[in-house]
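**Student:** Can you read through this structure? Questions will come right after.
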Amino acid sequence: MTEHAPTDLLITDVRPYGEDAVDVLVRDGVVTEIGAGLTAPEGVPTLDGGGHVLLPGFVDLHVHLREPGGEESEDVATGSAAAALGGFTAVFAMPNTDPVADTAVVVEHVWRRGQEVGLVDVHPVGAVTVGLEGVKMAELGTMAASRAQVRMFSDDGKCVNDPLIMRRALEYASALNVVIAQHAEDHRLTGGAQAHEGVVASRLGLAGWPATAEETIVARDCALAREAGAALHVCHISSARTVDVLRAAKAAGVRVSAEVTPHHLLLTDGRLTSYDAVNKVNPPLRTAEDTKAMRAALAEGVIDVVATDHAPHASQYKDTEWQAARPGMLGLQTAFSVLVHTMVEPGLLDWRGVARVLSERPAEIGNLPDQGRPIAVGEPATFALVDPEAQWTVRGAALASRAANTPYEGMRLPGAVVATVLRGRITAQDGKVAR
Ligand code: DOR
Ligand code: ZN
C-alpha cells in the first residue's frame, strides 16, 4: 500500500452521484459516517464540498507515463500529477517504455515510482511479448507474482498480431486470472498508415487505416478468448462496426470488455485538413458516424469504460511532418470534461453512469478491490469531487504533463474536477496538486 498514512477528513456539503447534499466523515482513510450536519472531531480537517457532485475516484485502464526512457515527454511524477488533477485515483501504465516493461524488474520499478510519488495508484501493465516484438511470450507469471502484482498485460502501441501467440497468452491469462488488453490493429491491413481510410485521407493523400483492421482482430480475439475462457479487454475502440462484433460476443457470453477514449467520443477526421500532427493518434480519428456509435455503445454498456490513452509526446516528436510525428494525445486532465460534453450534457449518461464508466467498471476489469467502490460507510474514501457547472479553456502549457500535445487547445469545455481524494488524503484541489 501507499507510504503516505491514510488520513482523517470531514467533507461537507457534497452531492454523492448528484443526489441530496450530505457531509462525509472519513477516519483512517475509510468512510465512517454520511449524513447532514456532521461536525469535525477535534483535529480533523474539513474540505468544503461547495454543493458539488461527489463520485468514486476515477480509474484509467490506459495511460502512457513514459518512464523509464521517455522522460522528455512524461514521467511517473508528472503523469501522476495530471492524473490526480483529472480526478483519477488509479492508473494503468502501458509497457511501451525503454526498456519495455516485459520483466519483473521493470514493472517493479514503475510500481515503486508510483508509490514514491503517492498521488495515484500506479499499476504497471506488463508486455505480452518480449520487447513488444510479437514473437516470444514474456514471463507473465513472474510479473504477476512480482511486488507490482501485474493484473493486465498488453503490447499496446502494437497489436499481438500472431493468432498463435494471442491464443497462448489468453490461455496463460486464464490460468493466472489476469486480463489481456489488445491494441486491435491488423498491421497487415493498416501497413502503418495513420489516418482513417476514407474521403479525408484520400483528399490529403494520406495512406488509410481501414476500420476493418480493428473489427477483424476483435472478432478473432473474441473467438480465442471464448475458447480459452480468458478475460479479453479491447483497447480504444474506434469504429462502429467493432461495436457490432462486441455486442454479439458479449451476448454469446465471451469474457470481453472494451474501452473508448475521450477523443474517439468527440473528435473526427474532419480535423486533419491542416496536417497538424496533434490530431495524429492510433487508432485514428474516424467519422461522425463512428463518434455517434461510440457514444451510443458507451451509454448502452457494450463499451464498458472510458480510458484516456493519455499519450504525451515532447514537441520534437509532434511538431514535425505528419509521417514522422508520433501518434497520441494527452487525455488525463480533459477526460472528465469531454465526458460531460459528449455524454452527460446530451443526456446519454447520468452521474451514476459516469461513476460506472470512469470508476466502477474499470476497477472491476483491472481487478482493483479498493477502487471504484460505492460511496458508503465502511468503504475507502477515494473520490473525485466535480463541479458540473464550471467551464474552462484548455491550455496545453498549463497542464501538469511535461508534454503539451492536447487536441483541445483553446477549446472551452464544461465540468471541472474540484478535488481528488485517495484513501482520505487530498491529492489535488482547485487545480493544484497536494504536495
Ligand atoms: O496514439 C497512440 N499512442 N496509440 C498507441 O497505441 C500508442 C500510443 C503511444 O504510446 O504514444
Ligand atoms: Zn494502443
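**Student:** Once you compute Rg and the Kirkwood Rh from C-alpha atoms, what is the Rg to Rh ratio for segment 278-435? Don't skip to the answer; put the middle values down first.
**Tutor:** Values: Rg = 16.6 Å, Rh = 17.1 Å.
Dividing the radius of gyration by the Kirkwood radius yields 0.97.
**Student:** With no solvent and one point on each alpha carbon, what is the Debye value of log10 I(q)/I(0) for segment 118-215 at q = 0.10, 0.17, 0.18 Å⁻¹?
**Tutor:** One equal scatterer on each Cα of segment 118-215 leads to -0.35, -0.77, -0.82.
**Student:** In degrees, nearest 10, range 0 to 90: what is the angle between the Cα axis of helix 240-251 and the longest Cα principal axis of the chain?
**Tutor:** 70
**Student:** Right, next: Express in % the proportion of alpha carbon pairs of segment 311-364 at distances exceeding 18 Å. Don't jump to the answer; show the numbers that get you there.
**Tutor:** Values: 727 of 1431 pairs.
Considering segment 311-364, 51 percent of its Cα-Cα pairs are separated by more than 18 Å.
**Student:** OK, next. For segment 202-304, what percent of Cα pairs sit more than 21 Å apart? Kindly include the intermediate steps, with their values, before the conclusion.
**Tutor:** Numbers: 1830 of 5253 pairs.
Result: 35 percent of Cα pairs exceed 21 Å.
**Student:** For segment 1-143, report the translational diffusion coefficient in µm²/s to the nearest whole number, using Stokes-Einstein at 25 °C, 0.890 mPa s, and a Kirkwood Rh over Cα pairs.
**Tutor:** 143
**Student:** If you don't mind, another one. With all pairs of different alpha carbon atoms counted, what Kirkwood hydrodynamic radius in Å does the chain show? Walk me through the numbers on the way to the answer.
**Tutor:** On the way: mean 1/r = 0.0464 Å⁻¹.
Answer for the chain: a Kirkwood hydrodynamic radius of 21.5 Å.
**Student:** Oh, and also: To the nearest 10 degrees, how steep is helix 212-228 against the longest Cα principal axis of the chain, on a 0 to 90 scale?
**Tutor:** It is inclined by approximately 70 degrees.
**Student:** Under 23 Å Cα to Cα from K136, which lysines show up? Leave out anything in the same chain fewer than 8 places away.
**Tutor:** In chain and number order, the partners are K158.
**Student:** Tell me, Kirkwood radius of segment 351-435 from alpha-carbon pair distances, in Å? Show your work: numbers first, answer last.
**Tutor:** On the way: mean 1/r = 0.0683 Å⁻¹.
Answer for segment 351-435: a Kirkwood hydrodynamic radius of 14.6 Å.
**Student:** Rounded to the nearest 5, what % of DSSP beta bridges with both residues in segment 3-86 are antiparallel?
**Tutor:** Working: 9 of 14 bridges.
So the antiparallel bridges amount to about 65 percent of the total.
**Student:** Now a separate question. By how many degrees, 0 to 90 and rounded to 10, does the Cα axis of helix 288-300 deviate from the longest principal axis of the chain?
**Tutor:** 50
**Student:** I would also like to ask the following. Got the relative contact order for the chain handy, in percent, Cα pairs under 8 Å and 6 or more residues apart? Before the final figure, lay out each step's value.
**Tutor:** Details: 1102 pairs, mean separation 85.1, N = 435.
Once divided by the residue count of the chain, the mean separation gives 20 percent.
**Student:** In whole angstrom, note down how far apart the Cα centers of segment 321-356 and segment 161-206 are.
**Tutor:** Here the answer is 22 Å between Cα centres.
**Student:** Can you list the lysines whose alpha carbon is less than 23 Å from that of K250, not counting same-chain residues fewer than 8 positions off?
**Tutor:** K292
**Student:** What order, most packed first, do the peptides 211-218, 83-90 have when packing is the mean number of other Cβ atoms within 10 Å of each residue? Don't jump to the answer; show the numbers that get you there.
**Tutor:** Numbers: 211-218: 22.4, 83-90: 29.8.
Final packing ranking: 83-90, 211-218.
**Student:** Where the centre of each part is set by its Cα atoms, how far does segment 45-80 sit from segment 259-288, in angstrom?
**Tutor:** Taking the Cα centre of each part, segment 45-80 and segment 259-288 sit 23 Å apart.
Where a number appears in this text, it was derived from the coordinates with a stated rule and is not lab data. Not measured: the values here are computed from a predicted model. Heads up, the Cβs are rebuilt from the backbone with ideal geometry, glycines too, and the neighbour counts pull from every protein chain shown.
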